[in-house]
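Worksheet: the structure to be examined is printed underneath.
Nothing in this text is a laboratory measurement; each read-out follows from the coordinates by a stated rule. What you see is a predicted model, and the numbers here were worked out from it, not measured in a lab. Here the Cβ positions follow ideal geometry from the backbone for every residue, glycine too, while neighbour counts run over all protein chains shown.
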Amino acid sequence: MLTLNELSGEPVRTISPAETQAAIRLLMALPHGVTSMFADMPAFVETSNNIGVMELKEDGLSVVSTNRSAVFSRLDEITRRVETVAWLAGAKTERTKMFPPWQPNMESPLLKQCVDTYRGIVEEDPKIELTHGGLECGIISDRCGGLDTISMGPTIRDLHSPEERLFIPSLASTWEFLRGILAS
């Protein structure tokens, strides 16, 4: 989303034409989007990254690249790729907020228990999806020595956008499922 605001007469920091060209080249070369799919589940994203917030600061242009993967080696690979492109452009990098990968386990006993509980409550198969983002599950599992985890919730539309919203009818069944899985 691009927002344009009228200037108020305050001094504005600008960059030279050469710096502008260097910034454009860097942004064009940085990877952005899906970089790989799961080999054994090709309908699901394994690794991606996105160029996020860009800000012109006193010491130069700051560009945030958010890297995500369900596989640690792929997360390291995309992070090193971003760092290499930045280095080739003469930019400095800093690693912050590295979320641990959350490797899917389709043979998980917890997943099987959740599927059985859902079927018992809703009387249909649940929609099982994979996410390559670390989510809280990756952090909790990592801190608890590989704890078996799942992520579940109601239907959310237009996720991570200004239009994000909860599909209210999905809330009741999510609540019943949560109560059922805790009881089991």
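Here is the list for the stretch 90-146: GluC sites (Glu not before Pro) lying in DSSP coil, each with at most 10 other C-beta atoms within 10 angstrom of its C-beta, are Glu94, Glu107, Glu123, Glu124, Glu129.
For the chain, the relative contact order is 15 percent, taking Cα pairs closer than 8 Å that sit 6 or more residues apart in sequence and dividing their mean separation by the residue count. Helix 169-183 and the long axis of the chain differ in direction by around 60°, with both axes built from C-alpha atoms.
Relative to the longest principal axis of the Cα atoms of the chain, the long axis of helix 17-29 lies at roughly 20 degrees. The angle between the Cα long axis of helix 72-88 and the main principal axis of the chain comes to about 10°, on a 0 to 90 degree scale. The alpha-carbon of Lys112 sits under 23 angstrom from the alpha-carbons of these lysines, leaving out residues fewer than 8 places away in its chain: Lys127. Of the labelled figures (i) 65, 39, 29; (ii) 66, 35, 33; (iii) 46, 41, 27, only one reflects Cα extents along the principal axes in Å as derived from the coordinates, namely (i).
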